[in-house]
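Asker: One structure follows; several queries about it will come next.
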Amino acid sequence: MRGFVTSYGPSNVKKLIWDREFAGGKWNFIDNTAGDCVYPYLEKYANQGSILDLGCGPGNTANELSESKYRTYLGVDISAEALAKAKQRTEQTGRAEKNRFTTGDFLSYEPDEPFDVILFRESMYHVPLGKIKPVLSHYSQYLKDGGVFIVRMYLAMNGKNKFRPTKMVQIIEKNFDVLEKGRHGGPGDATVIVFRPQGRRA
């Protein structure tokens with residue numbers, strides 16, 4: 001039921017759930033992800049440019065990514081509790097001039113500028129299957145020329161493919177131009193896929 005509500009429920013209900021969970025410490029275990037497999041892709045494609053992180057949580061990407069590899073970062077999350085932690089961490093790492101955060105439901109968020117990279121770091125799990133293409137098409141207009149999407153997800157667990165994440169990647173591969181797809185071993189078997197709108201020049 002929780003998974004259904006956080007994907008399909010109204011924004012105010014999703015916000016209540018995520019705020020309660022972050023305030024209660026449920027997600028404290030994700031606070032340290034230094035060395036994650038997504039960072040080399042981000043550093044390569046950001047190319048010292050701008051990053052939009054949709055579903056940024058407590059600010060891991062904003063504060064663990066190599067500071068020299070990007071110019072500006074905007075993190076969007078529905079949870080004010082998560083963003084409070086992200087902002088605190090940003091002050092501690094001295095990145096307040098580079099990192100910004102805003103509260104919003106990324107299913108309907110509208111940026112006010114284009115980006116070199118738009119990141120869904122596991123937040124793609126919370127996009128209903130029927131909305132994968134519309135959501136990505138919406139954000140395509142906010143990619144700079146040569147810009148890319150980067151999605152990181154676990155497609156398998158204990159060697160068995162998971163239906164929804166696998167289906168999500170199939171939708172991406174069918175409707176977008178895939179530049180890279182890397183599968184990284186470990187307990188969760190993480191996959192990173194880099195892509196851009198079809199026909200968009202590099």
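The values are calculated or read from the model by the stated rules, or taken from the named source; none is laboratory data. Fair warning: this is a prediction, and the values are worked out from it, not measured in the lab. Cβ: placed from backbone, ideal geometry, glycine included. Neighbour counts: every protein chain shown.
Asker: Checking the condition more than 21 Å from Val178 (Cβ to Cβ), among the aromatic types (Phe, Trp, Tyr) and at pLDDT 95 or above, which residue from Phe120, Phe101 passes?
Answerer: Of the residues listed, the single one that is more than 21 Å from Val178 (Cβ to Cβ), among the aromatic types (Phe, Trp, Tyr) and at pLDDT 95 or above is Phe101.
Asker: Return the total of residues in segment 156-169 being outside any helix (DSSP H, G or I) and either at pLDDT 95 or above or loosely packed, with under 13 Cβ neighbours inside 10 Å (or both). Lay out the reasoning, then the answer.
Answerer: Step one: of segment 156-169, the residues outside any helix (DSSP H, G or I) are 156-162.
Add one more test, that the residue is either at pLDDT 95 or above or loosely packed, with under 13 Cβ neighbours inside 10 Å (or both), and what stays is 157-161.
Matching residues across segment 156-169 total 5.
Asker: Scan Phe120, Phe101, Phe195 and give me the residue that is touching a Lys or Arg at 6+ places or on another chain (Cβ under 7 Å) and in a strand (DSSP E or B).
Answerer: Testing whether each residue is touching a Lys or Arg at 6+ places or on another chain (Cβ under 7 Å) and in a strand (DSSP E or B) leaves just Phe101.
Asker: Follow-up question, since we're still on this one. Tell me which residues, restricted to segment 29-67, are in contact with a helix residue (DSSP H, G or I) (Cβ under 9 Å, 6 or more places away or on another chain) and among the polar types (S, T, N, Q).
Answerer: Asn32, Thr33, Asn47, Gln48, Asn60, Thr61, Asn63, Ser66
Asker: To continue, here is another question. Given the structure, is Lys85 among the basic types (Lys, Arg) and under 20 Å from Gly146 (Cα atoms)?
Answerer: Judged against the criteria, Lys85 is not a match.
Asker: Also, quick follow-up: Tell me which residues, restricted to segment 10-43, are in a helix (DSSP H, G or I), of a type in the set (Lys, Arg) and surrounded by fewer than 15 Cβ atoms within 10 Å (Cβ to Cβ).
Answerer: Arg20
Asker: When the residues of segment 75-91 are narrowed to those that are among the aliphatic types (A, V, I, L, M), crowded, with 20+ Cβ neighbours inside 10 Å and free of Cβ contacts under 8 Å to residues at least 60 places away in the same chain, which ends up farthest from Lys131 (Cα to Cα)?
Answerer: So the residue we want is Ala86.
Asker: Output the number of the condition that Tyr154 fails; it satisfies all remaining conditions of (1) in contact (Cβ under 8 Å) with a residue 60 or more places away in the chain; (2) under 26 Å from Ser79 (Cβ atoms).
Answerer: Result: Tyr154 passes all but (1).
Asker: Looking at Ser108, Ser50, Ser137, which is the one that is among the hydroxyl-bearing types (Ser, Thr, Tyr), closer than 30 Å to Gln170 by Cβ and in a strand (DSSP E or B)?
Answerer: It is Ser50.
Asker: Restricting segment 1-45 to residues that are at pLDDT 85 or above and of a type in the set (Gly, Ala, Ser), which is farthest from the chain's Cα centre (by Cα)?
Answerer: Here the answer is Gly24.
Yes/no matrix, rows are residues, columns are (1) under 18 Å from the mean Cα position of the chain (by Cα); (2) surrounded by fewer than 18 Cβ atoms within 10 Å (Cβ to Cβ):
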{"residue": "Pro114", "(1), (2)": "yes, yes"}
{"residue": "Leu119", "(1), (2)": "yes, no"}
{"residue": "Tyr154", "(1), (2)": "yes, yes"}
{"residue": "Lys174", "(1), (2)": "no, yes"}
{"residue": "Asp177", "(1), (2)": "no, yes"}
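Asker: Does segment 170-184 include one or more residues that are closer than 24 Å to Trp27 by Cβ, in a helix (DSSP H, G or I) and in contact (Cβ under 8 Å) with a residue 60 or more places away in the chain?
Answerer: No: zero hits.
Asker: Condition first: outside any helix (DSSP H, G or I) and either of a type in the set (A, V, I, L, M, F, W, C) or surrounded by fewer than 19 Cβ atoms within 10 Å (Cβ to Cβ) (or both). Now tell me which residues in segment 140-152 satisfy that.
Answerer: Hits for segment 140-152 are Gln141, Tyr142, Leu143, Lys144, Asp145, Gly146, Val148, Phe149, Ile150, Val151.
Asker: Going by what's in this entry, would Gly94 be described as loosely packed, with under 13 Cβ neighbours inside 10 Å, over 14 Å from the mean Cα position of the chain (by Cα), modelled with pLDDT of 95 or more and not hydrophobic (A, V, I, L, M, F, W, C)?
Answerer: It is true that Gly94 is loosely packed, with under 13 Cβ neighbours inside 10 Å, over 14 Å from the mean Cα position of the chain (by Cα), modelled with pLDDT of 95 or more and not hydrophobic (A, V, I, L, M, F, W, C).
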